[in-house]
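Derivation of every value follows stated rules applied to the coordinates shown; laboratory data play no part. Just so it is clear, the model here is predicted, and its values are computed rather than measured. Because the Cβ atoms are built from the backbone with ideal geometry, glycine has one as well, and the counts that use them run over all protein chains shown.
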Amino acid sequence: MESTQALAAFGALSQETRLAALRLLIAAGPQGLAAGQLATQLAVPANTLSAHLNTLSQAGLVTSHRDGRRVIYTARTETMAALIAYLTRDCCGGAPNLCFTAPFGTDQP
């Protein structure tokens with residue numbers, strides 16, 4: 001991942017609704033969620049959510065496909081993995097075991 005791609009991802013995630021949408025999509029797993037389900041869960045109008053999902057899509061964080069009349073969105077885990085790798089590439093002088101003391105999946109810093 002290049003710095004311009006990382007900046008696009010961070011820019012997309014720097015808004016509360018987009019971050020919440022991505023977290024819901026991550027939790028949904030590979031089956032994803034329909035746009036209508038996301039709008040309901042986030043309590044945002046469909047047109048507002050559409051703009052947010054477009055931003056996440058342009059940053060490479062989500063993808064979509066049609067299922068009949070519904071549009072299903074899924075998180076692009078490969079992009080998230082690349083973003084994490086980009087951030088931790090030089091962690092602790094090449095010894096990442098020294099950097100990660102808290103287990104992933106916790107809300108601790």
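Observations, loosely collected:
- Filter result for residue 77 (among the β-branched types (Val, Ile, Thr) and crowded, with 17+ Cβ neighbours inside 10 Å): no
- Top-ranked residue of the range 29-49 - restricted to ones that are of a type in the set (A, V, I, L, M, F, W, C) and assigned to a helix (DSSP H, G or I), ranked as surrounded by the fewest Cβ atoms within 10 Å (Cβ to Cβ): 46
- Residue identified as of a type outside the set (D, E, K, R) and within 24 Å of residue 88 (Cβ to Cβ) among 42, 49, 61: 61
- Enumeration of residues in the range 66-87 that are touching a residue at least 12 places away in the same chain (Cβ under 8 Å) and under 28 Å from residue 3 (Cα atoms): 73, 74, 75, 76, 77, 79, 80, 82, 83, 85, 86, 87
- Filtering the range 50-62 to residues that are among the hydrophobic types (A, V, I, L, M, F, W, C), in a helix (DSSP H, G or I) and crowded, with 22+ Cβ neighbours inside 10 Å leaves 53, 56.
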